[in-house]
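Before any comments, here is the structure.
The values are calculated or read from the model by the stated rules, or taken from the named source; none is laboratory data. This one's a predicted model, so the numbers in the text were calculated from it and none came from an experiment. Neighbour counts run over all protein chains shown; Cβ positions are idealised from the backbone, glycine included. Ligands, DNA and RNA are excluded from the accessible area calculation, which covers all protein heavy atoms including side chains. Shrake-Rupley method; radii C 1.70, N 1.55, O 1.52, S 1.80 Å.
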Amino acid sequence: SALVARGYREVIGRSWTVVPDFTHHAHTASLSAVAVNNRYVVTGSRDETIQIYDMKKKIEHGALLQHNGTITSLEFYGTSHLLSGAEDGLICIWNTKRWECLKSIKAHKGHVTSLSIHPSGKLALSVGTDKTLRTWNLVEGRSAFIKNLKQNAHIIKWSPDGEKYVTVIANKVDIYRLDTASITGTITTERRISSLRFITDSVLAIAGDDEMIRFYSCDSQKCLCEFKAHENRIKDIYSFEREGQHVIVTASSDGYIKMWNLDLDKIRDGPSLLCEVNTKARLTCLAVWLDQASEIKENSDKTATSSQETEDEKSSIVRTNKDFWTTKRVKILKRKRKIIPEKQKLEAPVQKKKKKQNSSA
């Protein structure tokens, strides 16, 4: 059976609510990665493809078929480029205007497990199952530095200011300074870490294989707050700012997507729940897409979720980037690049189904 993509929209009035927005048949296997910029949502899957959705036109834009193996990591840089990593060890650099693969780099001997683009757009970091952390010069499209790790890292992420980055190995977060490339501190949790997000340059939100969200200080490595967010393990965590408000979005295997308001001045009190929705599926990953145009006109944000096939797994969608690519043009490689240009409308029957479920409940 085909994987179904579903969209949810936040309605902001006196209180926040989440309502279904669209549904669409997407991948033929479960989702493994998701990313967004101000126009597109891209989803990666175990079916080795990357599906593109144009959120402005509400259509499926096509598919990218460059990788062999599960897509493990997707990240946009502004409006112009996308980086993808997969189990084939490749990192691909995509131009989002024509969706061309500008460069295909054999990044790791094993799988690429995670990648992250520096806020300047000039550097990227990646980790893989060859126990290495690699720095990439995106201006020239080549390797800049290789660091051997003692174990395989499964998450890597830059801080918003680009002055530090973190790696995650099982239940351990190592914090590195960019200028020295040395570890300045380590955070250790009881359970394996499933997701990590910088709330500010100095505050990390960490989710693991339990029901808790924990906020840590990057400077002291101390836990600032912990609270029970779900009834099952948390699969992903996301955050964004809206009118000075820090909003945390969480997805769990219990099927719920929850949105929280975090007051940084009262971080020890923990966040307050804004709204929640029961997707009735096991969620795998999440991102946030902010409709900037409607935010100006209607003062509302949009959320989208991609739902799974037989395992009934889903991935939620929500995220925003505002930077512009600053690199030189990279050499185009025409290795096996293929784009499926099918542009199908994202249908809207989910809302009706949702109402029936509510009424029957």
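So what's the gap between the Cα centers of segment 131-183 and segment 204-260, to the nearest angstrom?
22 Å
Hey, which of these cross-link pairs are over 23 Å Cα-Cα: K222/K258; K103/K150; K157/K345; K235/K345; K106/K131; K106/K157?
Cα-Cα > 23 Å for K222/K258; K103/K150; K157/K345; K235/K345; rest within.
List the extent of the Cα atoms of segment 31-186 along each of their three principal axes, largest first, rounded to whole Å.
That works out to 45, 29, 29 Å along the principal axes.
With θ taken as phi - 60° and the coefficients 6.51, -1.76 and 1.60, list the Karplus ³J(HN,Hα) couplings across segment 266-278 in order, rounded to whole Hz; mark glycine and proline as x.
10, 4, 5, 7, x, x, 9, 6, 8, 6, 8, 9, 8
Say R0 is 22 Å: what FRET efficiency, to the nearest 0.05, do N148 and E226 get from their beta-carbon distance?
Calculated transfer efficiency: 0.10.
Using Cα pairs under 8 angstrom and six or more residues apart, how large is the relative contact order of segment 27-135, in percent?
So the answer I get is 17 percent.
What does the C-alpha gyration tensor say about the overall shape of segment 121-253? Classify as rounded when a/c is under 1.5, otherwise prolate if a/b is larger than b/c, or oblate. Write down the numbers at each step before the final one.
Details: a/c = 1.81, a/b = 1.48, b/c = 1.22.
In terms of gyration-tensor shape, prolate.
Would you calculate the separation in nanometres between label points at D161 and D54, each defined as 7 Å from the Cα along the Cα-to-beta-carbon direction?
Result: 4.0 nm between the two label points.
For A107, which sequence-distant residues (separation of 5 or more, or a different chain) have an amide H within less than 5 Å of its own amide H, given hydrogens modelled in the peptide plane?
Correct list: L90, I91.
Would you grab the residues whose amide H sits under 5 Å from the one on F227? Only those 5+ places off in sequence or on another chain, please, with H modelled 1.01 Å from N.
Excluding prolines and chain starts, which carry no amide H, the hits are I213.
Apply the Karplus curve 6.51 cos²θ - 1.76 cosθ + 1.60, θ = phi - 60°, to the phi angles in segment 195-212 and return the couplings in whole Hz, x for Gly and Pro.
Residue by residue, segment 195-212 yields 7, 8, 9, 6, 7, 9, 5, 10, 10, 10, 9, 10, 10, x, 7, 8, 8, 9 Hz.
Solvent-accessible area of F240, probe 1.4 Å, all protein chains present, reported in Å² to the nearest ten, please.
20 Å²
Simple spin-label model, 7 Å along Cα-to-Cβ: V19 to T186 in nm?
My value for the distance between the label points is 5.1 nm.
Which cross-chain or sequence-distant (5 or more) residues have an amide H under 5 Å from the amide H of A144, H modelled 1.01 Å from N in plane?
Residues meeting the amide H criterion: T135, W136, N137.
If I take every Cα pair under 8 Å that is 6 or more residues apart in segment 103-229, average their sequence separation and divide by the length, what percent do I get for the relative contact order?
13 percent
Kindly give Rg over Rh for segment 25-123, based on alpha-carbon atoms, with the Kirkwood expression for the hydrodynamic radius.
Working: Rg = 12.5 Å, Rh = 13.3 Å.
A ratio of 0.94.
Which of the trypsin sites (Lys or Arg not before Pro) found in segment 97-167 are loop residues per DSSP with 12 or fewer other Cβ atoms within 10 Å of their Cβ?
Counting only loop positions with at most 12 other Cβ atoms within 10 Å, the trypsin sites (Lys or Arg not before Pro) in segment 97-167 are K97, R98, K109, K150.
On the Cα set of segment 207-261, report Rg and Dmax in Å, please.
Rg, Dmax (Cα atoms, Å): 11.8, 34.
Within 10 Å, count the other beta carbons around each residue, average over each peptide in 34-46, 199-211, and list them highest first.
Per-residue mean Cβ counts within 10 Å order the peptides as 34-46, 199-211.
In whole Hz, what ³J(HN,Hα) sequence does segment 240-252 give by Karplus (6.51, -1.76, 1.60; θ = phi - 60°), x for Gly and Pro?
Per-residue couplings from phi come out as 7, 10, 9, 6, x, 9, 8, 10, 9, 10, 10, 10, 9 Hz.
State, in angstrom, two size descriptors of segment 121-183 derived from its alpha carbons: Rg to one decimal place and Dmax to the nearest whole number.
11.3, 34
Would you kindly find the accessible area of M212, with a 1.4 Å probe and non-protein molecules such as ligands, DNA and RNA excluded, rounding to the nearest 10 Å²?
Near enough 40 Å² of accessible area.
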